[in-house]
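Only one structure is covered here, and it is reproduced in the block below.
The values are calculated or read from the model by the stated rules, or taken from the named source; none is laboratory data. This is a predicted model, so every value here is computed, not measured. In this analysis, Cβ positions are derived from the backbone assuming ideal geometry, glycine residues included, and neighbour counts consider all displayed protein chains. Note: areas computed on protein heavy atoms with side chains; ligands, DNA, RNA excluded. Shrake-Rupley method; radii C 1.70, N 1.55, O 1.52, S 1.80 Å.
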Amino acid sequence: MHNNQATPLDHATWQIRESYCEPGFRGVFASRYVALCAAFSALGGLLFGYDQGVVSVILVEPQFLARFGCVAEGTPGAGFWKGLLTAMIELGALLGALNQGWIADKISRKFSIVVAVGIFVIGSVLQTSSVDYGMLVIARFIGGLGIGMLSMVVPLYISEISPPEIRGTLLVLEEFSIVTGIVIAFWITYGTQYVASEWAWRLPFLLQIIPGLVLGVGITFLPFSPRWLAFKGRDQEALHSLAKLRSLPATDHRVQLEWFEIRSEAAFHKEITAEKHPHLQDGTNRSRFKLELAAWADLFKNGCWRRTHVGVGIMCWQQFIGINALIYYSPTLFQTMGLGHSMQLIMSGVLNICQLIGVSTSIWSMDVFGRRPLLLFGSTMMFLSHIIIAVLVGKFSYDWPGHRTEGWASVTMLLVYMISFGASWGPVPWALPSEIFPSSLRAKGVALSTCANWFANFVIGLATPPLVESTGYGAYVFFAVSCLLSLLWTWFFVPETKGRTLEQMDQVFNDMSSEAEEERRERIERDIAIKDQGQAAV
């Protein structure tokens with residue numbers, strides 16, 4: 001460390017750290033290499049979005065229904081079989097996200113992406129070659145495992161390699177890729193529906209293998225997460241990885257200070273874990289298994305439960321404010337507004353493009369305005385949109401042909417909702433969980449939060465069709481109330497993480513529960529700083 005720079009022995013690290021670049025989108029141009037790494041790994045989001053969006057048009061294609069007649073309209077039990085087909089990817093994703101927590105800790109973030117891609121490709125091959133309903137359901141489940149694993153580990157990897165000034169901007173790339181995948185899938189399937197053979201639905205399944213293989217091979221050339229390396233005790237490798245990601249020499253004082261901060265946080269939480277579970281430190285397979293289970297339990301204990309509440313809560317609210325209900329069932333919802341079949345499909349595609357426009361704005365706003373203001377703004381705008389739609393549908397749905405203006409006003413408010421969601425509740429819930437957990441529990445915390453998202457997705461997917469069918473405008477009232485509750489929840493429980501390093505989240509959440517813990521952290525930082533100075537002298 002340069003002699004003319006403040007050292008961690010002089011002040012708390014958060015008081016003396018200097019920025020790497022300007023916050024927000026402008027800072028990306030000063031951090032090109034890490035931005036490139038984040039953008040490439042975000043291909044996992046593209047696979048996630050594509051696989052979710054590919055089914056919406058395929059399910060109504062005659063070529064698909066000729067092969068899988070049990071899901072055709074009018075067939076006994078068609079609703080159940082269609083719901084099962086949709087639900088299997090969500091069930092697979094939930095299990096995949098849950099298991100990815102220990103895999104990412106064990107073999108690294110980037111190699112766990114390789115495993116996820118391998119499973120995803122197997123699922124895609126099976127979907128492409130499916131000959132009966134049973135094979136397709138199993139294929140969707142396997143593909144869902146890979147999707148769930150990617151949805152958990154990609155934002156985790158991006159958060160751990162990013163400088164704090166542009167971490168939010170780079171994490172937006174995950175949601176941007178998801179929505180891009182949904183848009184691409186929709187318009188590909190919209191085009192292939194005119195293919196006379198079964199390739200109308202087999203081709204869209206086949207095409208998703210290409211970006212999967214690109215990601216699986218390319219990710220091996222990217223650096224390891226420096227925070228994962230430090231947690232594994234590979235400190236020098238962590239320094240070299242950090243310097244490469246920051247495009248600076250390892251001797252740069254900013255790199256040295258971040259490296260110091262990463263090691264201090266890893267050592268602190270390792271010591272806390274060893275103190276909590278002293279009987280599980282002998283290194284045997286039995287103890288390692290028990291320690292793994294104990295780590296999951298630690299997510300709900302003092303020092304972490306507030307972060308778990310925020311991580312799980314924000315993912316659940318993302319679903320209960322109605323987004324996937326609109327994506328999955330948008331043709332049905334447009335039907336309630338009086339649009340014809342062809343216009344229903346076209347407007348569903350426009351809806352996704354509006355979401356993409358909203359997400360694009362957050363690439364700039366996430367690190368300029370912060371996470372919390374975006375959430376509050378989004379909840380307010382979506383609440384107003386749903387309320388207006390509910391009033392219009394409730395008053396005029398009995399005669400849409402006679403009230404075309406009101407029908408298109410409802411459609412317009414749905415587009416406003418989608419832009420508002422894309423600018424706020426779309427990207428922030430994928431970013432926040434990967435920022436807030438301590439290094440020792442980060443993978444498991446993100447895994448649990450992602451599982452909550454998939455479970456809520458599953459519940460909303462089941463509840464929306466009967467809600468729309470039985471109440472009409474009641475669905476919009478339900479989602480409006482959810483938007484209002486999400487506003488109140490954000491106001492009282494969600495802190496701001498903009499501009500803070502991952503190692504500063506203890507201060508953000510005020511998790512220093514005792515003076516003894518504060519002293520322990522200071523002692524660990526002092527020991528590491530003295531060790532570094534001793535090695536520099538040699």
Total charge dipole magnitude, the stretch 105-225, about the Cα centre, Cβ charges on Lys, Arg, Asp, Glu only, Debye to nearest 20: 160 debye
Gain upon complete extension [GLN344, ALA250; 0.36 nm per residue less C-alpha separation]: 28.2 nm
Helix 474-493 vs. the chain, principal-axis angle (Cα, 0 to 90°, nearest 10): 10 degrees
On Cα atoms only, tilt of 109-128 relative to the major axis of the chain in degrees: 20 degrees
Crossing angle, helix 43-58 versus the chain [Cα axis fit, 0-90 degrees, rounded to tens]: 10 degrees
Calculated from backbone phi, Karplus (6.51, -1.76, 1.60) coupling profile of the stretch 276-287 in Hz, x at Gly/Pro: 6, 10, x, 7, 10, 9, 7, x, 6, 4, 5, 5
Cα gyration tensor shape for the stretch 143-202, rounded if a/c is under 1.5, else prolate or oblate: oblate
Average accessible surface area per residue within the chain, 1.4 Å rolling probe, Å²: 39 Å²
Long-range HN-HN contacts of GLN281 with modeled amide H, under 5 Å: none
The stretch 335-375 versus the stretch 131-192: alpha-carbon centroid distance in Å: 17 Å
From phi via Karplus (6.51, -1.76, 1.60), per-residue ³J(HN,Hα) for the stretch 354-371 in Hz, x at Gly/Pro: 4, 5, 4, 4, x, 4, 4, 5, 6, 4, 8, 7, 4, 9, 9, 8, x, 6
Carbon/sulfur fraction of accessible area - the stretch 352-459, other protein chains in place, 1.4 Å, %: 77 percent
Length released on extending from GLN236 to LEU488, taking residue separation times 0.36 nm less the Cα-Cα span: 86.2 nm
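Please report Rg over Rh for the stretch 368-487, where both radii come from the alpha carbon positions and Rh follows the Kirkwood definition.
Numbers: Rg = 17.1 Å, Rh = 16.0 Å.
In the stretch 368-487, Rg relative to Rh is 1.07.
Remind me, relative contact order of the stretch 137-221 in percent, using alpha carbon pairs under 8 angstrom and six or more residues apart?
Reported as a whole number, the value is 14 percent.
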Projected label distance in nm at LEU384 and ASP527, using a 7 Å step from Cα toward the beta-carbon: 5.5 nm
Computed label-point distance, nm, for sites ASN510 and LYS395 using a 7 Å Cα→Cβ extension: 4.5 nm
Debye, to nearest 20: dipole size of the chain, +1 on Lys, Arg Cβ, -1 on Asp, Glu Cβ: 520 debye
Ranking by accessible area, most exposed first, for TRP425, TRP81 with a 1.4 Å probe: TRP81, TRP425
Residue list for the stretch 73-104, given a label point 7 angstrom along the Cα-to-Cβ vector of VAL114 and an amide N cut-off under 18 Å: 100-104
Helix-only CD estimate at 222 nm, as mean residue ellipticity for the chain, using -39500 (n - 2.57) per DSSP H run (n ≥ 4): -25000 deg cm²/dmol
Separation of alpha-carbon centers, the stretch 22-64 and the stretch 425-485, rounded to whole Å: 19 Å
Kirkwood Rh in Å, taken over all unlike Cα pairs in the chain: 24.2 Å
Taking all pairs of distinct alpha-carbon atoms in the stretch 66-163, Kirkwood radius in angstrom: 14.3 Å
Surface share of carbon and sulfur [accessible, 1.4 angstrom probe, percent] for the stretch 30-157: 76 percent
Proportion of all alpha-carbon pairs of the stretch 443-513 beyond 15 Å (%): 73 percent
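For the stretch 178-221, which whole-number percentage of the solvent-accessible area (1.4 Å probe, protein heavy atoms only) is attributable to carbon and sulfur atoms? If you can, show how the numbers build up before the last one.
Numbers: 1540 of 1880 Å².
Here carbon and sulfur together make up 82 percent of the probe-accessible area.
Could you state the per residue volume, in Å³, of the convex hull enclosing the Cα atoms of the stretch 191-339?
242 Å³
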Karplus 3J(HN,Hα) series, Hz, for the stretch 172-185 with 6.51 cos²θ - 1.76 cosθ + 1.60 (x for Gly, Pro): 4, 4, 4, 5, 4, 5, 4, 5, 4, x, 4, 5, 4, 4
With DNA, RNA and ligands ignored, accessible area of THR169 (1.4 Å probe; Å², nearest 10): 0 Å²
ILE460 - accessible surface, heavy atoms, 1.4 Å probe, Å² rounded to 10: 10 Å²
Distance in nm between pseudo-label sites at ALA409 and SER19 (7 Å out along the Cβ direction from Cα): 4.4 nm
